[in-house]
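Structure record follows, encoded as structure tokens.
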Amino acid sequence: SLAHGLAHGMRAVLKAPSVGIALAAIGTHRLVFGVNTLMFLLLVRHTELGDALGANVRAITLIGGSVALGALIAAGTTPVSIRFIGRRGTIIGALLIGALAELGLLTLRPVPVLIAAAVVGLAGQTVKLCGDVAMQCDIFDTYRGQVFAVQDALINTAFVAAIFFAALFVPADGFSVPLVIGCSVLYALT
């Protein structure tokens with residue numbers, strides 16, 4: 001029954017390119033977010049990120065709060081962006097600013113890390129909101145629930161797969177320049 005419902009949802013996605021574009025962006029963001037999550041969980045255990053962030057719970061709380069702030073800002077900026085440049089342009093813009101923000105993580109300095117975290121949160125929530133709009137507008141009522149189930153499966157699978165993948169390559173201290181650059185390139189290519 002589950003496979004049957006997901007198959008119906010996937011067929012509906014294939015018939016609605018706007019939804020497929022949004023789901024690709026959402027999946028990409030969740031891959032990047034999964035890699036970043038593992039890196040920063042390890043990083044804050046092994047590295048003092050300066051007086052502004054500190055280490056351990058304090059640092060991860062501030063970074064997580066910055067991601068949440070970016071997501072909150074997206075609630076106001078996404079509708080405006082969609083009005084001016086459309087859903088597709090908004091998704092492309094979000095992915096490109098996500099790619100730039102990801103490079104800000106290379107410094108491991110408190111202010112750039114917090115700004116990058118906020119921008120990655122903004123990018124992720126922007127593509128998620130665009131995806132929700134696409135599914136509401138471009139999918140028939142009959143299949144909408146199944147398409148949302150596909151989205152949920154994608155979000156969770158991409159996040160877990162990214163953590164698994166990152167665990168194979170991230171050093172014990174948590175910081176990997178190739179992974180950060182790879183995430184930036186993934187955003188840009190998508």
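The values are calculated or read from the model by the stated rules, or taken from the named source; none is laboratory data. Note that this is a predicted model, so its numbers are computed, not measured. In this analysis, Cβ positions are derived from the backbone assuming ideal geometry, glycine residues included, and neighbour counts consider all displayed protein chains. Protein only, heavy atoms only, side chains kept; ligands, DNA and RNA dropped before computing areas. Shrake-Rupley method; radii C 1.70, N 1.55, O 1.52, S 1.80 Å.
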Worksheet item: Could you count how many residues in the stretch 140-162 are closer than 20 Å to A24 by Cβ, among the β-branched types (V, I, T) and open to solvent by 50 Å² or more (accessible area, probe 1.4 Å)?
Response: 2
Fill in: One residue from G27, G34, G5 being open to solvent by less than 20 Å² (accessible area, probe 1.4 Å), over 22 Å from the mean Cα position of the chain (by Cα) and closer than 19 Å to A153 by Cβ
G5
Worksheet item: G86 fails exactly one of the following numbered conditions: (1) among the small types (G, A, S); (2) open to solvent by 20 Å² or more (accessible area, probe 1.4 Å); (3) closer than 27 Å to L62 by Cα. What is the number of that condition?
Response: (3)
Worksheet item: With V67, V13, V111, V44 as the choices, which residue is open to solvent by less than 60 Å² (accessible area, probe 1.4 Å), more than 20 Å from D132 (Cα to Cα) and part of a helix (DSSP H, G or I)?
Response: V44
Worksheet entry | The one condition in (1) open to solvent by less than 60 Å² (accessible area, probe 1.4 Å); (2) within 21 Å of A158 (Cα to Cα) that I97 fails to fulfil | (1)
Worksheet item: When both residues are 6+ apart or on different chains and their Cβ atoms are under 9 Å apart, which pairs have a first residue that lies in the stretch 83-95 and is within 15 Å of L23 (Cα to Cα) and without any contact (Cβ under 8 Å) to a residue 12 or more places away in the chain, and a second that is open to solvent by less than 20 Å² (accessible area, probe 1.4 Å) and in a helix (DSSP H, G or I)?
Response: I92/A25
Worksheet item: Which condition breaks for C137 when tested against (1) open to solvent by 50 Å² or more (accessible area, probe 1.4 Å); (2) at pLDDT 95 or above; (3) of a type in the set (A, V, I, L, M, F, W, C)?
Response: (2)
